[in-house]
Each structure stands twice: as C-alpha cells, then as structure tokens.
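Worksheet: the structure to be examined is printed underneath.
The values are calculated or read from the model by the stated rules, or taken from the named source; none is laboratory data. Source: prediction; values computed, not measured. Heads up, the Cβs are rebuilt from the backbone with ideal geometry, glycines too, and the neighbour counts pull from every protein chain shown. In case anyone asks, the SASA skips ligands and DNA or RNA and just uses the protein heavy atoms, side chains included. Shrake-Rupley method; radii C 1.70, N 1.55, O 1.52, S 1.80 Å.
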Amino acid sequence: MATDELLDFCRFKKFSENGFGFLKSLIYKGDIFFHFSQIKSEEIKEKLDKMKRGDFFLYFISKQNEEGKRKVVKVWYALKDVPEVYSSKFIDTIIEKFNDDSINVFDLLYAFNEIKLKHNINKNQLISIFNSKKIKHNPTTILKYLNKNEFELLKSTLFIDSFDKDKSYWYEELVNYKIEA
C-alpha cells in the first residue's frame, strides 16, 4: 500500500474549549487545523484533558482542502502506533529538519528516539544526523539517546581529537561522557 501522505509531528500546545486547535507542521507552511474529536483513544483523550502546555507530541497526517488549508485526518500519540506505510519515510524528514533552524532540537531528539525504538537507523542516517547543523553546534544534546557504538560513531564523525579544546564549550562534557549500560 503506497501513499503520498507524509507523516508529520509536533509538540501539542493547546486546544480551545470547543475542542479545536492548530498544529505546527514540520513539513507544510502554516498551521494545520485539528479537532479533538479526531482522537479515538480514550487514554489519549484523558491525557489531552489533563495536559499542560507542551506536555506531549502527536504524529499526524493532514490533507489539503478546497480552500488550500490543511486539516489533520489521522493522529497518533506514539510512533510505535503509526502504520509502517507512514512511518518508514519519517526518518528522512527528521534528518532534514536537523539542519532547519525553525525546529527545536529537543523536539527532533524526541522523534529520533522514537524512530530508533521502531526502526533500524543505519550508519549513513546516523552520520547525516551527527553532521547536521544542530548536532555539530552542540553534540551533547544527543548523547542520552545513543548507545555505546553510536556514541563512538559520533566522536569519530566529529573528529573529536582534532577539536580545539578551548574553543568548543561542549568538548569536556563530550569526551567525559559515560554511556550507561
């Protein structure tokens, strides 16, 4: 089953008392209309009712209507619940966004971690992330999401031994970081 619908992702901010709100897209310009009634899971509805601003993330698919505005048509609380037909291309979107200044690195790292739990991320994909603008600026942000082999790959990708120890404010934290078993 092929689809041209792209999986999108955002930190859920808030919705109105009438049950609608807007989501910020990783992919499309402008906000995307969302209505609380699109949530079918009672567990997620309860979490939405009790949530605080920015408490959790949503994965979603949207479609453009006749007026050119986008509307959420499918929504999931966790990447593990997203059908493979939508989630398999999601890593490419996230890798691209690691070089985008408009997306918070910690939101991207949340998605990165969920991708690692559901899919295998290959060495080339990891290197692309490690070489991204966001990770090169501060590689310590990704440390807690890496296993020992990935950590060693990060250090070799960044050529850590060639960095000027005095100019890189994150250098000491990176070289002294210990991966917990």
3J(HN,Hα) from dihedral phi, the stretch 120-132, Karplus parametrisation 6.51/-1.76/1.60, rounded to Hz, x for glycine, proline: 7, 9, 7, 4, 5, 5, 4, 4, 4, 5, 4, 8, 6
How many nm is it between the label spots at Asn124 and Glu42, if each spot is 7 Å from the Cα in line with the beta carbon? 4.7
Which of Lys24/Lys148; Lys89/Lys148; Lys74/Lys155 exceed 31 Å between C-alpha atoms? The answer is Lys24/Lys148; Lys74/Lys155
For Glu67 and Tyr169, compute 0.36 nm times the residue count separating them, minus their Cα-Cα distance, and round to one decimal in nm. 31.8 nm
Round to the nearest 10 and report in Å² the accessible area of Asp100, as given by a 1.4 Å probe over the protein chains' heavy atoms. 40
With Rg from the Cα atoms and Rh as the Kirkwood inverse mean 1/r over Cα pairs, the stretch 85-171 has an Rg/Rh of 0.96
Please identify every one of the GluC sites (Glu not before Pro) in the stretch 94-181 that sits in a loop by DSSP and has no more than 16 other beta carbons within 10 Å of its own beta carbon. Glu180
